[in-house]
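Read the structure below first, then the notes.
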Amino acid sequence: MNVGAAIAAIAFGLFTTGGFPLLLIVLVPAIIWILWPIFQKEPESNGWCRDLQREIEEKRRQQS
């Protein structure tokens, strides 16, 4: 079964049984649960970018 179809079926069931408030009560924590790891990885990627920038600067100094 397609994941999108499963999510749509769950959302439809929640909307028909409890209406929009119940749908929001379930969807807001689910969205936070999905997005939280993305924002947690951001500092790590910034550190990686800094390391890459340092390597580029060192290579430029060596070439000069």
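Only the coordinates and a few stated rules stand behind these numbers; no lab work does. Bear in mind the structure is a predicted one, so any value in this text is a computation, not a measurement. Quick reminder, even Gly has a Cβ in these numbers, built from the backbone with ideal geometry, and neighbours come from all protein chains shown.
Taking the 0 to 90 degree range and rounding to the nearest ten, how far is the long axis of helix 3-40 tilted relative to the main principal axis of the chain, both from C-alpha atoms?
The answer is roughly 10 degrees.
Ranked highest first by average number of other Cβ atoms within 10 Å, how do 14-23, 52-61 line up?
Descending packing order for the listed peptides: 14-23, 52-61.
Sorted from largest down, what three extents in whole angstroms do the Cα atoms of the chain have along their principal axes?
Over the chain, Cα extents along the principal axes are 69, 24, 12 Å.
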